[in-house]
Amino acid sequence: MSDQIDQSLALKTWAVVGLSNNSERAAYGVAKLLIEKGHTVIPVHPKAESVHGQKGYAKLSDIPVSIDVVDIFVNSDLAGNVVDEAITIGAKGVWLQLDVIDAAAVSRAKDAGLLTVMNRCPAIEYKKRV
């Protein structure tokens, strides 16, 4: 798992699914930290809001650039669809946030050759690496 985490953190362009302008949500703070660490963050949310100055999109397939990591901040029962979209758009990895659990979806992503991280937070992982 540590190797998958390190490889994922080394990738630069992250689509954060579930990211909105609600500063009370974990996705908001994690996206800010990712930007501070040098990542390009693309918000993905049905409202397609711009967050932290980054243009938002309603779905992964609307994003006009290649995505390295799809960071998933949705309920576990919705995560599988997002993982399948990540595979379809050719992402290099999927990162299911803390308490986002879908082992079958992670297995599909692994089978498709994607890096996979589940039930972890990149902000916490960065703090462990300081």
Discussion item. Suppose the filter is closer than 20 Å to VAL65 by Cβ and either of a type in the set (Lys, Arg) or in a strand (DSSP E or B) (or both); does ILE42 pass it?
Written reply: yes
Item to complete: Sort out which residues of the range 35-64 are out of contact with any Phe, Trp or Tyr (no Cβ under 6 Å at 6 or more places or on another chain), closer than 19 Å to LEU115 by Cα and either β-branched (Val, Ile, Thr) or in contact (Cβ under 8 Å) with a residue 60 or more places away in the chain (or both), and write them in order of number.
Response: THR40, ILE42
Item to complete: Assess whether ASP84 counts as being farther than 20 Å from ARG129 by Cα and either part of a helix (DSSP H, G or I) or of a type in the set (S, T, N, Q) (or both).
Response: yes
Worksheet item: With respect to GLY53, is the statement that it is within 18 Å of LYS12 (Cα to Cα) and out of contact with any helix residue (DSSP H, G or I) (no Cβ under 9 Å at 6 or more places or on another chain) true?
Response: no
Worksheet item: What is the one condition in (1) closer than 21 Å to LEU9 by Cβ; (2) of a type outside the set (A, V, I, L, M); (3) surrounded by 21 or more Cβ atoms within 10 Å (Cβ to Cβ) that HIS45 does not satisfy?
Response: (1)
Worksheet, complete the sentence: When ARG120 is run through (1) modelled with pLDDT of 95 or more; (2) assigned to a loop (DSSP other than H, G, I, E, B); (3) closer than 14 Å to VAL17 by Cβ, the failure sits at (3)
Worksheet item: Which residues, taken from the range 84-104, are of a type in the set (Gly, Ala, Ser) and out of contact with any Leu (no Cβ under 8 Å at 6 or more places or on another chain)?
Response: GLY90, ALA103, ALA104
Worksheet, complete the sentence: In the range 77-130, residues that are of a type in the set (Ser, Thr, Tyr) and surrounded by 16 or more Cβ atoms within 10 Å (Cβ to Cβ) total 2
Fill in: Flag if LYS55 is touching a Pro at 6+ places or on another chain (Cβ under 8 Å) and either more than 26 Å from VAL130 (Cα to Cα) or surrounded by fewer than 23 Cβ atoms within 10 Å (Cβ to Cβ) (or both)
yes
Item to complete: Could you tell me whether any residue of the range 50-63 is under 21 Å from GLU125 (Cβ atoms), part of a loop (DSSP other than H, G, I, E, B) and modelled with pLDDT of 95 or more?
Response: yes
Worksheet, complete the sentence: Of those in the range 15-26 that are in contact (Cβ under 8 Å) with a residue 60 or more places away in the chain and under 15 Å from VAL94 (Cα atoms), the residue surrounded by the fewest Cβ atoms within 10 Å (Cβ to Cβ) is ALA15
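For every residue, the table says whether it meets (1) farther than 22 Å from GLN7 by Cβ; (2) touching a Leu at 6+ places or on another chain (Cβ under 6 Å).
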| site | (1), (2) |
| --- | --- |
| PRO46 | yes, no |
| GLY53 | yes, no |
| GLY56 | yes, no |
| SER66 | no, no |
| ILE72 | no, yes |
| LEU78 | yes, no |
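The values are calculated or read from the model by the stated rules, or taken from the named source; none is laboratory data. All values derive from a computational prediction rather than experimental measurement. Counting neighbours? That spans all protein chains shown, and the Cβs are built from the backbone with ideal geometry, glycine included.
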